[in-house]
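J.: Let me begin by handing over the structure; questions about it come next.
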Amino acid sequence: MVGRFIVADGIEGAGKTTQLAFMHEYLEQAGYSVVVTREPGGTTLGEEIRALLLGHRHDGMALTTETLLMFAARAEHLERVIRPALGRGDWVLCDRFTDATYAYQGGGRGLALEQIADLETWVQGHLRPDLTLLFDLSVEVGLARAGKRSAADRFEQEDQAFFERVRATYWERALQNPNRYRIVNANQPIEAVRREVESILAAITL
Ligand code: TMP
């Protein structure tokens with residue numbers, strides 16, 4: 001059996017982490033062996049890089065530094081977790097991946113998308129997710145939900161215009177590659193979102 005690489009992505013407060021837990025359960029019940037992981041992070045080194053990226057010790061870090069740290073964590077993650085899991089035939093469920101770099105560092109912060117594409121090719125070769133679920137919701141609702149959870153990290157402290165650009169970039173990418181994306185309406189209550197996710201999983205596990 002060939003493993004599949006599935007990503008959940010979207011702006012803050014979309015509920016993707018809750019939905020990933022549901023996806024994990026659904027796929028295991030369907031008999032698949034599943035690895036659940038996240039970016040930035042997913043390895044010991046990657047989680048340390050995550051702390052550097054999200055914490056406030058390095059507020060104002062250069063955009064190039066931020067982007068390279070995202071890809072450094074990703075290189076480690078691919079080498080130690082994602083490629084071995086897919087090689088074993090496991091399914092990989094990843095909380096964010098390179099679409100987030102396009103959306104946040106590209107759309108949000110203004111890095112040229114071609115530069116991200118160059119790094120993507122360098123670090124990933126031909127590997128791309130088989131499917132990305134884009135959990136889409138309004139920026140107002142997303143930020144209100146995220147704000148209730150905990151103190152704002154280095155990304156959550158950005159303003160509404162930043163997240164509007166992030167959201168627009170996710171949409172552009174999804175519309176350009178309709179085969180690789182499913183847009184999930186995350187404005188709805190958790191149960192309704194779960195039903196949308198379930199129908200997507202039912203279609204790919206037939
Ligand atoms: P989260 O996974 O808890 O939502 O937080 C990760 C944060 O990192 C989130 O604000 C998005 C940001 N991020 C990027 O800016 N670029 C990336 O490539 C990735 C994977 C995440």
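J.: Can you find a residue that is hydroxyl-bearing (Ser, Thr, Tyr) and touching a residue at least 24 places away in the same chain (Cβ under 8 Å) anywhere in segment 86-98?
T.: Yes - at least one qualifying residue is present in segment 86-98.
J.: Further question: Taking the conditions exactly as written (more than 13 Å from the ligand (Cβ to nearest atom) and surrounded by 20 or more Cβ atoms within 10 Å (Cβ to Cβ)), does Ile11 satisfy them or not?
T.: no
J.: State all residues of segment 108-137 that are of a type outside the set (A, V, I, L, M, F, W, C), open to solvent by 40 Å² or more (accessible area, probe 1.4 Å) and either assigned to a helix (DSSP H, G or I) or touching a residue at least 40 places away in the same chain (Cβ under 8 Å) (or both); if no residue qualifies, say none.
T.: Arg109, Gly110, Glu114, Gln115, Asp118, Thr121, Arg128, Asp130
J.: Taking the criterion of being at pLDDT 95 or above, of a type in the set (A, V, I, L, M, F, W, C), outside any loop (DSSP other than H, G, I, E, B) and within 15 Å of Thr37 (Cβ to Cβ), would at least one residue in segment 138-148 satisfy it?
T.: The answer is no, given that none of the residues of segment 138-148 is at pLDDT 95 or above, of a type in the set (A, V, I, L, M, F, W, C), outside any loop (DSSP other than H, G, I, E, B) and within 15 Å of Thr37 (Cβ to Cβ).
J.: Still on this structure: Tell me which residues, restricted to segment 76-98, are away from the ligand (no atom under 11 Å from the Cβ) and open to solvent by less than 50 Å² (accessible area, probe 1.4 Å).
T.: Going residue by residue through segment 76-98, those that are away from the ligand (no atom under 11 Å from the Cβ) are 76, 78-93.
Residues satisfying the conditions are Glu76, Leu78, Val81, Ile82, Pro84, Ala85, Leu86, Gly89, Asp90, Trp91, Val92, Leu93.
J.: For residues that are within 30 Å of Leu201 (Cβ to Cβ), part of a helix (DSSP H, G or I), within 13 Å of the ligand (Cβ to nearest atom) and without any contact (Cβ under 8 Å) to a residue 40 or more places away in the chain, tally how many sit in segment 28-60.
T.: 3
J.: With the requirement that a residue be assigned to a helix (DSSP H, G or I), of a type in the set (A, V, I, L, M, F, W, C) and touching a helix residue (DSSP H, G or I) at 6+ places or on another chain (Cβ under 6 Å), what does segment 73-98 give you?
T.: Correct list: Ala73, Ala75.
J.: Kindly list the number of the only condition in (1) in contact with a strand residue (DSSP E or B) (Cβ under 7 Å, 6 or more places away or on another chain); (2) open to solvent by less than 30 Å² (accessible area, probe 1.4 Å) that fails for Ala73.
T.: The number of the failed condition is (1).
J.: Can you find, within segment 104-132, the residue that is nearest to Leu68 (Cα to Cα) among those that are in contact with a strand residue (DSSP E or B) (Cβ under 9 Å, 6 or more places away or on another chain) and within 14 Å of the ligand (Cβ to nearest atom)?
T.: Pro129
J.: So is Thr101 within 13 Å of the ligand (Cβ to nearest atom), crowded, with 16+ Cβ neighbours inside 10 Å and either assigned to a helix (DSSP H, G or I) or in contact (Cβ under 8 Å) with a residue 40 or more places away in the chain (or both) or not?
T.: Judged against the criteria, Thr101 is a match.
The values are calculated or read from the model by the stated rules, or taken from the named source; none is laboratory data. The structure presented is a predicted model; accordingly, all values stated were derived computationally and were not measured. Cβ atoms come from the backbone with ideal geometry, glycine included; neighbour counts cover every protein chain shown. Heads up: the accessible areas ignore ligands, DNA and RNA and are worked out on the full protein's heavy atoms, side chains in. Shrake-Rupley method; radii C 1.70, N 1.55, O 1.52, S 1.80 Å.
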